[in-house]
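What follows draws every value from the coordinates through simple rules; no lab data is involved. No experiment lies behind these values; they were computed from the predicted model shown. No Cβ is skipped: glycine too gets one built from the backbone with ideal geometry, and neighbour counts run over all protein chains shown.
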């Protein structure tokens, strides 16, 4: 192992965790985690997606850790954590893991949660636990970014469909390598496309290969089935929560296209309690934290501090500047209100 993957591994540590859902095949799993920044700074938890790991946040961490305590882990089946075959890699279990990690390992009672891709659904699960009083952890802000949180509007790839189903996954996994998986992602989910010699893509190769990660892709992608069964319930739940919620979306994403963000915003978030915002990053693809880390962190900092602009628009003249699309309000204005000389 070399490059940023080795650097990432050396920056973290491991803790043992036993799932209590009755579906785990292992007595205890070793979970990779890392913390950056002052121990007494406000906590920001970064939650990774599928099929990657916490190394996704490599470029974000130094931009946040100067004023925040940045915390992250690799879910079972991903990155440097254990990846046993036949394990139950569920979103609900991972939400329980995050809760345990924050309270018992990080030792915090409150913090912001910034999620991406599959991590969005785990974060929504955790938010529901917080809202229902099922944990002593208080979520102070929820940030959701590119992920298929509403599957009817997604564009799942052929690879995702093939590895999802029992009758086709075996043939794909027989030929799948860490290099081929990372190379395909580099060409389709980053803007501009990246090759295997790019540091971020090379790190994907290393983390996919660790503990034979490609062998459990069929198991880990089953979260899509779980999401399909519960996505509307989770979104309806967050629409009733007072937790401030910010959506940040890379516009070049074709797998989780901007219509997903627009639908979730319009249907569930624009009139929810709390202060909520929708942002677009015009120069970023699915992995917006890699494509536009400075712009991503700029939005996160503004949202967490409550210092976002009052009016929609770009934050600057640069073509890649973040765009505030909308902020929430308690009710929809009438057509007459819109035409009034002094807009309420």
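Taking the stretch 131-196 as the region of interest, the helices (runs of 4 or more DSSP H) fully inside it that hold 2 or more residues being within 23 Å of the chain's Cα centre (by Cα) are 158-164, 178-188.
Each residue in the stretch 101-132 was checked for being buried (at least 24 other Cβ atoms within 10 Å of the Cβ) and within 19 Å of residue 34 (Cα to Cα), and 8 of them qualify. Quick one: how many residues across the stretch 212-230 are part of a loop (DSSP other than H, G, I, E, B) and either free of Cβ contacts under 8 Å to residues at least 40 places away in the same chain or surrounded by fewer than 21 Cβ atoms within 10 Å (Cβ to Cβ) (or both)? Number satisfying all stated conditions: 1.
Cβ separations smaller than 9 Å between residues 6+ apart or across chains give the following pairs from the stretch 306-319 residues that are on the phi > 0 side of the Ramachandran plot and without any contact (Cβ under 8 Å) to a residue 12 or more places away in the chain to residues that are surrounded by 10 or more Cβ atoms within 10 Å (Cβ to Cβ) and assigned to a strand (DSSP E or B): 313/323; 313/324. Free of Cβ contacts under 8 Å to residues at least 40 places away in the same chain and buried (at least 24 other Cβ atoms within 10 Å of the Cβ), is that true of residue 45? No: the conditions fail for residue 45. The set of residues in the stretch 79-105 that are over 19 Å from the mean Cα position of the chain (by Cα) and in contact (Cβ under 8 Å) with a residue 40 or more places away in the chain comprises 82, 83, 84, 85, 86, 87, 88, 105.
Among residues of the stretch 52-65 that are surrounded by fewer than 23 Cβ atoms within 10 Å (Cβ to Cβ), those with a beta-carbon under 8 Å from a residue that is part of a loop (DSSP other than H, G, I, E, B) at least six positions away or on a different chain give the pairs 65/37. Taking the stretch 231-262 as the range and being in a helix (DSSP H, G or I) and surrounded by 17 or more Cβ atoms within 10 Å (Cβ to Cβ) as the test, the residues that pass are 231, 234, 235, 237, 238, 239, 258, 260, 261, 262. Considering only the stretch 291-305, I want to know if a residue exists there that is surrounded by fewer than 21 Cβ atoms within 10 Å (Cβ to Cβ) and more than 27 Å from residue 65 (Cα to Cα). The answer is no; no qualifying residue exists. Looking across the stretch 142-161, the residues that are surrounded by fewer than 18 Cβ atoms within 10 Å (Cβ to Cβ), over 16 Å from residue 121 (Cα atoms) and free of Cβ contacts under 8 Å to residues at least 60 places away in the same chain come down to 158, 161. Of the residues 279, 265, the single one that is within 22 Å of residue 141 (Cα to Cα), touching a strand residue (DSSP E or B) at 6+ places or on another chain (Cβ under 7 Å) and in a helix (DSSP H, G or I) is 265. Which members of the stretch 320-337 meet the condition of being over 13 Å from residue 295 (Cα atoms), touching a residue at least 12 places away in the same chain (Cβ under 8 Å) and in a loop (DSSP other than H, G, I, E, B)? Across the stretch 320-337, the qualifying residues are 328, 329, 330, 331, 332. Across the stretch 168-182, what is the total count of residues that are touching a helix residue (DSSP H, G or I) at 6+ places or on another chain (Cβ under 7 Å) and under 15 Å from residue 207 (Cβ atoms)? Residues flagged as touching a helix residue (DSSP H, G or I) at 6+ places or on another chain (Cβ under 7 Å) and under 15 Å from residue 207 (Cβ atoms) within the stretch 168-182 amount to 6.
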